[in-house]
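The values are calculated or read from the model by the stated rules, or taken from the named source; none is laboratory data. Nothing here was measured: the structure is a model prediction, and the numbers come from that model. Glycine also receives a Cβ, built like all others from the backbone with ideal geometry; neighbour counts cover every protein chain displayed. The accessibility values were calculated without ligands, DNA or RNA, using every heavy atom of the protein model including side chains. Shrake-Rupley method; radii C 1.70, N 1.55, O 1.52, S 1.80 Å.
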Amino acid sequence: MHKRQCLGAMKRTANGFYRLTADSVSMLPAFRIQSLRRPAGMAALIAAATILAGGCGEETPRPATNAAQQQRMDARAREDTFRYAASLLNSPDTLNVDPTIKERQSITQSAVRLIYGNTPAAVIEQLNRWLMTQKPAADWKPDPLVAGLPEAVRDLKSVENLGDMRFATIDGAALREAVWLRSISNLACSDAISALDRAQRLFDWTVRNIQLDPAPSEEEPEAALPCLAWHLLLLGHGQAEDRAWLFMLLARQQGMDVVLLKPAARKPVTLVGLLDASEQDGAQLYLFDMRLGLPIPGPGGKGVATLAQAAKDDSLLRQLDLDAEHAYPLVSSDVSQLTAEIEGSPLYLQQRAAVVEAKLSGDQKLELSTDPSALAKRLKTLPQIEQAELWPLPLERLLSLADRKSPQVLRLAAQLEPFLTFYPHPKKKEIENAPLLWRGRTQHLVGNFTGPTGANHYYQAVRLPDVEIEGVAAAHGMQLNQITDPEIKKKMTQESQKALQNLRTSKQDASYWLGLIAFERGNPTTAEDYFLKRTLEPSPDGPWTPGAWYNLGRTYETLGQADQAIEAYRNDESPQRHGSLLKARRLESEAAKAEPQKAAANS
């Protein structure tokens, strides 16, 4: 075969690399690496392929490659590498790789491993290959606000390595988290125009989708789960500060700044503000309460109050009083002197992430950096903001995960175990064992709801009939009866009980999340069925009871059934009860105002 025929038999792959089409010859991965590092670039890759092919006749002299040609080929190789890395980063099927259970590991050990990421190495490897070709900024320095963080978190490796131009393995989970956040925020804000409208929609998504957990007691402050933001998205519940964290990150993906606002005196509130610099009267902070699940209402109960309005007019805050015994904890003087806490997860402070962000565009665009000092400067122009600093909570969570055997980590692992429950599932002409709840939840988060690979399909698959779960329990019992060694039997019994509980938990999770999807897709009747008949009736005191009552109230409002919505809100016994009762009161007030109009129309 002539050499020209050999090269004609080569095909260019999707990621820009070349391979031979002959079955007997394949390109080695080493040549891909060499094509990025050696000066000859793509020419070296083609030459290597020719040598491997063999039998192609005598070597034909090639014209010398000049410096300009080499530079163009190297630039093309760099572009090919980045395009491939970006395609991996933006592919849900690549990033959301199924969690696995390693041989000889218990489900608890595997759940502990899952806490720390479980993303494919290819994403980080390809990004790092591209970053090797980029020159770091000579004058780059960590944001000055980093120096003001507590010493314990400044010593974290993820803080010390902010200037590195190579991603660490743990960064894969943070990048996946950013992809989830972008998908959620884009779906929630699909037709919103103003910054305030987008913020209201993201706030609403957060309140509906993140069920509010009780705050840990002062006696047991470590009772709270040490969740990172992607854990919170996966689990669907958290504390008020967790809601604030997700709201901040969702807003960031839409190019908006949301900050936590802390009064000088400690108060049982979690207040956040959207900074909107587009206002004619200057920058304003619009106020939202993550614990109530409500924005602070503006004058006359209309719109969203600004910080300046609330600091000047206490009657705005008094709209949130239920009665004399259940008053809203803040008064105007409390919001006249505040500290603004700026979200500063390590990913958004890294030099490498900022370099990648600048390269992404179009549908692949991700917000991967922030400028805390510039934001702090803008915030300090508001008379009510005394100081602005980085919020240490994201780094404190990383610090609490440092000990993989701590009680906090084990409690979080127990929450993640249902995502490691494997079910038999058809795959083409075979049956595979797959973690279907994980697949359903990750597809839910990226907005893929329907079809054979959508969230609905996987959620339905884990909703086993109770008789099947009892059948599994009976089979486990028969197997355990055949074990004679008492220690082995004890261990296997514990594993069996855990597996059965995970089946039941997965069914509860899937039923509730199917209701959320139905509401999201504008199917309130279906949502009512899942919240009422599939969640509340089978488990009146189940894990999703608070969220189901709240979302059932929202569903009835959508259906125009005010009486049922009021009853649902009054059944909310969660830490959000104050906010739910305010919603019920609003509906009662609207019904009372509408009554004379109805009477006049009927007369």
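Hey, can you tell me all the residues within the stretch 208-226 that are at pLDDT 95 or above and either in contact with a His (Cβ under 8 Å, 6 or more places away or on another chain) or crowded, with 23+ Cβ neighbours inside 10 Å (or both)? If the condition is that a residue be at pLDDT 95 or above and either in contact with a His (Cβ under 8 Å, 6 or more places away or on another chain) or crowded, with 23+ Cβ neighbours inside 10 Å (or both), then Asn209, Ile210, Gln211, Leu212 are the ones that fit. Within the stretch 404-437, the set of residues being in a helix (DSSP H, G or I) and open to solvent by 50 Å² or more (accessible area, probe 1.4 Å) comprises Pro407, Leu410, Arg411, Ala414, Gln415. Taking the conditions (1) closer than 15 Å to Pro424 by Cα; (2) open to solvent by 60 Å² or more (accessible area, probe 1.4 Å) in turn, Thr484 satisfies each one other than (1).
The residues in the stretch 528-571 that are under 23 Å from the mean Cα position of the chain (by Cα) and aliphatic (A, V, I, L, M) can be counted, and the count is 1.
Tell me, yes or no, whether the stretch 290-302 has at least one residue that is farther than 19 Å from Pro575 by Cβ, open to solvent by 10 Å² or more (accessible area, probe 1.4 Å) and in a strand (DSSP E or B). Within the stretch 290-302, one or more residues are farther than 19 Å from Pro575 by Cβ, open to solvent by 10 Å² or more (accessible area, probe 1.4 Å) and in a strand (DSSP E or B). Arg397 falls short on exactly one of the conditions (1) more than 16 Å from Asp143 (Cβ to Cβ); (2) touching a Pro at 6+ places or on another chain (Cβ under 6 Å); (3) open to solvent by 30 Å² or more (accessible area, probe 1.4 Å); (4) not aliphatic (A, V, I, L, M), and that condition is (3).
Can you tell me which residue within the stretch 131-174, out of those that are of a type in the set (Val, Ile, Thr) and either free of Cβ contacts under 8 Å to residues at least 12 places away in the same chain or open to solvent by less than 80 Å² (accessible area, probe 1.4 Å) (or both), is farthest from Asn96 (Cα to Cα)? Show your work before the answer.
Filtering the stretch 131-174 down to residues of a type in the set (Val, Ile, Thr) leaves 133, 146, 153, 159, 169-170.
Then drop every residue that is not either free of Cβ contacts under 8 Å to residues at least 12 places away in the same chain or open to solvent by less than 80 Å² (accessible area, probe 1.4 Å) (or both), which leaves 133, 146, 153, 159.
Numbers: Thr133: 27, Val146: 31, Val153: 29, Val159: 26 Å.
My answer is Val146.
The set of residues in the stretch 101-115 that are outside any helix (DSSP H, G or I) and open to solvent by 80 Å² or more (accessible area, probe 1.4 Å) comprises Lys102, Glu103, Arg104. Would you mind stating whether Ala86 is of a type in the set (Gly, Ala, Ser), modelled with pLDDT of 85 or more and assigned to a helix (DSSP H, G or I)? Yes.
For the stretch 438-451, does any single residue satisfy the condition of being modelled with pLDDT of 90 or more, open to solvent by 90 Å² or more (accessible area, probe 1.4 Å) and more than 22 Å from the chain's Cα centre (by Cα)? There is no residue in the stretch 438-451 that is modelled with pLDDT of 90 or more, open to solvent by 90 Å² or more (accessible area, probe 1.4 Å) and more than 22 Å from the chain's Cα centre (by Cα).
Only one of the listed residues (Asn128, Asn118) is surrounded by 15 or more Cβ atoms within 10 Å (Cβ to Cβ) and either part of a helix (DSSP H, G or I) or free of Cβ contacts under 8 Å to residues at least 24 places away in the same chain (or both). That residue is Asn128.
Any idea which residue in the stretch 252-276 is surrounded by the fewest Cβ atoms within 10 Å (Cβ to Cβ), counting only those that are at pLDDT 95 or above and more than 23 Å from Pro383 (Cβ to Cβ)? This residue is Gly255. Consider the stretch 495-515 and keep the residues that are open to solvent by 40 Å² or more (accessible area, probe 1.4 Å) and either without any contact (Cβ under 8 Å) to a residue 24 or more places away in the chain or among the aromatic types (Phe, Trp, Tyr) (or both). The one that is nearest to Thr450 (Cα to Cα) is Gln501.
For Asp371, the conditions (1) in contact (Cβ under 8 Å) with a residue 24 or more places away in the chain; (2) open to solvent by less than 70 Å² (accessible area, probe 1.4 Å); (3) within 17 Å of Gly148 (Cα to Cα) are fulfilled apart from (2).
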